[in-house]
Amino acid sequence: MKELVLLVVLLLVSVGTTLEKEFNDRYHEDQQIETEEYDFYNFTLPSDFHLGVSSAAYQYEGAWDEGGKGESIWDRYIHTYPEAIADGTNGDVAADFYHKYKEDIKRVKDLGLDTFRFSIAWPRIMPTGLIDSVNQEGIDFYDDVINEVIKNGISPMVTMYHWDLPQYLQDLGGWTNEIIVDYFEDYADVLYSYYGDRVKLWLTLNEPTKGVDGYGGNVTGLGYAPNVSAAGIGTYLAGHTMLKAHARAYHLYNNKYREFQKGRISLALETFWYEPQDSNSESDHEAALQAIEFNLGWFANPIFSKEGDYPTVMKKRIAENSYQEGYLKSRLPQFSTEEVKYIRGTADFFGLNQYTTNRATFGENGPSPSYTRDTGVTLVAPSDWPASETSEWEKIVPKGLRKVLNYIKDRYGKKWEIVITENGFIDDGEIMDSQRIVYIATYMIEMWKAMYIDGVRVVGYMIWSLLDNMEWTSGYRSRSGLFHVDFYHPDKIRTPKKSTELVKTIAKTRRIPEKYVDHVKELDQLEFHNYS
């Protein structure tokens, strides 16, 4: 049996090398990023461009045990391990959006934005996650939210799953159990049937690469819910199930709802951009590409590529590592030919969450087995790149967004429209949030360049986030909102930050104020490879 696995690995190496050379040649040729002066005032955002803000149920709503809601994996996890959260807090109340949604939706309107992205909590709709537990109070709550959004002249963009799996389903194995595909289809069916007449933009999953972290990404202790210690195994099993669940929800919509609801469906995929550690090293160039294939490509390739299935480099490396570790087959599950076809093309646009950039070089990290070790890449965030004072991982590298957008166009084809479903900045919550202002303006300018110079079909941009919120394991120490929230006041008082003025200006004029172009020029002085 091991001989058979070795043969498969050798075949993948051969195919992978050929494809990698062809891809590198094409990518290097296509990635001509122009740097000439550009008059941004020649263009404004199109009238049908989606400009808005994003949010998520667990991070915003609170009311964790109100209105018939069931327990989620994050409820169970934080109540069991409060020490997992940096400041010892939880999302039991969070920003109290559950009771304040009307005033918060009004804030979106007052900013002049046209789209509000929010997620629906699966356990609020189905406390156990099963079709026989539909909760009418939960149905009514989101019905009211959607109606309020539309009443304010805003388009709802709804995420079905933003990591808050019903605990009952986790007791069955969670995303590592493929029975969840059936249950997710039932859940999607309920959402389409109740809300599809008004919701025209759906995201099935948010950041599945992070959503699987709780099934094996926590290699050093407490991390993300549900905190299952199955590094290098649970991560891939959960991801495999998520891809099947996404495809099932997409086909359900196609077969049952699309003809008369006429909505659009995708999922929100997150990625850093990766630069070579040494811009003169061909090896580091390959490491940077390998990093993005393991991150973005893990879930994008099966859906958006012409060939479908996982990236070749993932299949090759994980099979090779699995064999060396004594496994009889790859830890990365395989799709059948029929499954590859079923999953491929199951999106109407490309949803992208993008925040920052890292440098990459080849190197072995993490325990064996683990996803980190399988990537075969060491990531380094240069200390001289500007960064958030609160979150060192978030370097302010706006050109990275342009690079990712071009990568998607070149790797997956020009036909895909892209909605930037999250882009935002973390700080400590100051009202005069000057770093956030520069961040939003400069990243939007790079988006502009991708649209008007490079021909990338970007059709939407969502700022993370409207409000300060429960930032998962960081608790309330990390703040990402356009509005400050006083989490220690019983009324969770909201105060607009300085960045709201910038957002209002952009929303009104559909342009970036010219003064921020100089900030882009300054940030462009960072050593940065153009793949030219």
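The values are calculated or read from the model by the stated rules, or taken from the named source; none is laboratory data. Everything quoted here is computed from the prediction, not taken from an experiment. Backbone-built Cβ (ideal geometry, glycine too); neighbour counts: all protein chains shown.
Tell me, which residue of the range 402-427 that is assigned to a loop (DSSP other than H, G, I, E, B) and among the charged types (D, E, K, R) is nearest to H484 (Cα to Cα)?
Of the range 402-427, the ones assigned to a loop (DSSP other than H, G, I, E, B) are 413-417, 424-426.
Narrowing the set further to residues that are among the charged types (D, E, K, R) leaves 414-415, 417.
Working: K414: 39, K415: 39, E417: 33 Å.
Within the range 402-427, the match that is nearest to H484 (Cα to Cα) is E417.
Looking for something outside any helix (DSSP H, G or I) and at pLDDT 95 or above - is there at least one such residue anywhere in the range 282-304?
Step one: of the range 282-304, the residues outside any helix (DSSP H, G or I) are none.
Checked against the condition, which is being outside any helix (DSSP H, G or I) and at pLDDT 95 or above, the range 282-304 yields no hits at all.
Restricting to the range 75-99, give me the number of residues that are touching a residue at least 60 places away in the same chain (Cβ under 8 Å), part of a helix (DSSP H, G or I) and surrounded by fewer than 19 Cβ atoms within 10 Å (Cβ to Cβ).
Applying the first criterion (touching a residue at least 60 places away in the same chain (Cβ under 8 Å)) to the range 75-99 yields 75-78, 81, 83-91, 93-97.
Filter once more, keeping what is part of a helix (DSSP H, G or I): 75-78, 83-84, 97.
Then keep just the ones that are surrounded by fewer than 19 Cβ atoms within 10 Å (Cβ to Cβ); that gives 76, 83.
Total meeting the criteria: 2.
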- [ ] Among the residues of the range 412-463, write down those that are of a type in the set (S, T, N, Q) and surrounded by 23 or more Cβ atoms within 10 Å (Cβ to Cβ).
- [x] T421, T442
TODO: Taking only the range 343-367 into account, find how many residues are assigned to a loop (DSSP other than H, G, I, E, B), within 24 Å of the chain's Cα centre (by Cα) and either on the phi < 0 side of the Ramachandran plot or free of Cβ contacts under 8 Å to residues at least 12 places away in the same chain (or both).
DONE: 9
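I'd like to check something: does the range 169-176 contain any residue that is aromatic (F, W, Y), buried (at least 20 other Cβ atoms within 10 Å of the Cβ), over 29 Å from L51 (Cβ atoms) and under 23 Å from the mean Cα position of the chain (by Cα)? Write out each step before concluding.
Taking the range 169-176 and keeping what is aromatic (F, W, Y), we get 175.
Adding the requirement that they be buried (at least 20 other Cβ atoms within 10 Å of the Cβ) leaves 175.
Pick out the ones that are also over 29 Å from L51 (Cβ atoms) and you get 175.
Restricting the remaining residues to those that are under 23 Å from the mean Cα position of the chain (by Cα) gives 175.
For the range 169-176, residues aromatic (F, W, Y), buried (at least 20 other Cβ atoms within 10 Å of the Cβ), over 29 Å from L51 (Cβ atoms) and under 23 Å from the mean Cα position of the chain (by Cα): present.
Would a scan of the range 508-523 turn up a residue that is part of a strand (DSSP E or B) and not small (G, A, S)? Reasoning before the result, please.
Step one: filter the range 508-523 for residues part of a strand (DSSP E or B), giving none.
No.
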TODO: Pull up the range 146-168, narrow it to residues that are within 23 Å of the chain's Cα centre (by Cα) and of a type outside the set (A, V, I, L, M, F, W, C), then point me to the one that is surrounded by the fewest Cβ atoms within 10 Å (Cβ to Cβ).
DONE: S155
- [ ] Identify all residues within the range 428-467 that are out of contact with any Asp or Glu (no Cβ under 9 Å at 6 or more places or on another chain) and part of a loop (DSSP other than H, G, I, E, B); write none if there are none.
- [x] E430, I431, M432, G455, V456
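Here's the yes/no breakdown for (1) out of contact with any Phe, Trp or Tyr (no Cβ under 7 Å at 6 or more places or on another chain); (2) of a type outside the set (A, V, I, L, M); (3) within 25 Å of G52 (Cβ to Cβ):
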residue	(1), (2), (3)
E320	yes, yes, no
E325	yes, yes, no
G345	yes, yes, no
N358	no, yes, no
T375	no, yes, no
W385	yes, yes, no
E392	yes, yes, no
E417	no, yes, yes
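Could you tell me whether the range 329-342 includes any residue that is outside any loop (DSSP other than H, G, I, E, B) and either among the aromatic types (F, W, Y) or in contact (Cβ under 8 Å) with a residue 60 or more places away in the chain (or both)? Lay out the reasoning, then the answer.
So in the range 329-342, the residues outside any loop (DSSP other than H, G, I, E, B) come out as 337-342.
After this cut, where a residue has to be either among the aromatic types (F, W, Y) or in contact (Cβ under 8 Å) with a residue 60 or more places away in the chain (or both) as well, the list is 339, 342.
Yes, the conditions are met somewhere in the range 329-342.
What number of residues within the range 224-240 satisfy the criterion of being out of contact with any Pro (no Cβ under 9 Å at 6 or more places or on another chain) and crowded, with 17+ Cβ neighbours inside 10 Å? Let's see the steps before the verdict.
Of the residues in the range 224-240, the ones out of contact with any Pro (no Cβ under 9 Å at 6 or more places or on another chain) are 224-230, 234-235.
Next, from what is left, pick out any that are crowded, with 17+ Cβ neighbours inside 10 Å: 224-228, 230, 234-235.
The number of residues fulfilling the criteria is 8.
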- [ ] Scan (1) in a loop (DSSP other than H, G, I, E, B); (2) at pLDDT 95 or above for the single condition Y531 breaks and write down its number.
- [x] (2)
- [ ] At least 3 residues that are farther than 27 Å from N423 by Cβ and not hydroxyl-bearing (S, T, Y) in each: list the helices (runs of 4 or more DSSP H) lying fully within the range 151-270 that qualify.
- [x] 167-170, 179-195, 234-256, 258-261
- [ ] Determine whether the range 311-323 contains at least one residue that is free of Cβ contacts under 8 Å to residues at least 24 places away in the same chain and either closer than 21 Å to G217 by Cβ or within 24 Å of the chain's Cα centre (by Cα) (or both).
- [x] yes
